[in-house]
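J.: Before I ask anything, let me first share the structure, which is written out below as structure tokens.
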Amino acid sequence: MKIIIGSTFALLIACLFISYSSMKQGVINNPEELEIARLEKRQAQLEAALAKGAANSPSFENTFTPQNPLEKAAQTQADMNELQRVREELKELKEARDAIEDKAAEVIEDALEATPSPKKGRANLVKTALVMARVTEYDNVNKIAGIEILRVGNVNTGDVLGIRRNSGIIGRLTIGTIDRNQGIADPLPASFMGGNVDIQAGDELILPPDF
């Protein structure tokens with residue numbers, strides 16, 4: 001899922017960059033945008049032609065034009081019909097483009113909302129992790145913890161387990177000697193905040209998440 005989202009974002013960013021560059025250079029590569037630009041240009045030409053025809057219609061110099069009034073009226077009507085067709089086609093294209101952009105935005109928004117943040121995902125993993133062992137006592141002088149193994153066979157000498165307290169990992173320790181379901185463990189000072197080892201009887205030992 002993360003790979004798909006990441007790829008989608010990369011593609012969108014690339015498309016936005018290309019579109020922005022194209023706009024700056026006056027170049028349009030999207031076929032839909034090319035068609036819209038063509039229709040807008042045609043609309044401007046038709047409106048200019050109709051405006052020019054209306055402006056020249058009552059003038060004296062237009063009396064001797066080789067084009068008779070019927071032909072001129074027919075041409076004007078044809079231009080008006082084509083202008084109306086161009087306007088409708090342009091409106092439909094723009095509405096279709098806007099609908100696609102809105103749908104894409106909704107899909108991206110839904111994907112973002114459905115994807116948990118790494119921090120939230122880690123918290124859930126820590127909270128739901130199985131308890132492998134539990135601290136029974138801690139010798140603060142010798143820095144050794146006595147543990148009770150709850151999942152015998154799944155905890156071995158040399159394993160590193162996280163110390164869970166209040167749904168969070170406060171530090172880690174290394175499993176030492178094991179005798180049946182009892183054992184000892186050595187804390188890893190660097191894994192505790194500020195290097196201050198804080199272990200209490202009842203602390204739960206779990207397999208820490210990889211991230």
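None of the figures in this text is laboratory data; all of them are computed from the coordinates on show. Just so it is clear, the model here is predicted, and its values are computed rather than measured. Backbone-built Cβ (ideal geometry, glycine too); neighbour counts: all protein chains shown.
J.: Can you tell me the FRET efficiency between S167 and R97 if r is taken as the Cβ-Cβ distance and R0 is 45 Å, rounded to the nearest 0.05?
T.: Calculated transfer efficiency: 0.40.
J.: Sticking with this one: Consider a paramagnetic label point 7 Å from the Cα of N142 along Cα→Cβ; state which residues of segment 150-176 have an amide N under 14 Å from it.
T.: 176
J.: By how many nm would the segment from R87 to Q182 grow when fully extended, if each residue of separation counts as 0.36 nm and the alpha-carbon distance is taken off?
T.: So the chain would gain 25.9 nm between R87 and Q182.
J.: How many nm separate the modelled label positions at D210 and N196, each set 7 Å beyond the Cα in the direction of the Cβ?
T.: Between D210 and N196, the simple spin-label model gives 3.4 nm.
J.: While we're looking at this one, here's another question. Just to confirm the filter: which trypsin sites (Lys or Arg not before Pro) across segment 134-188 are DSSP coil and have at most 15 other Cβ within 10 angstrom of their Cβ?
T.: K143, R151, R180
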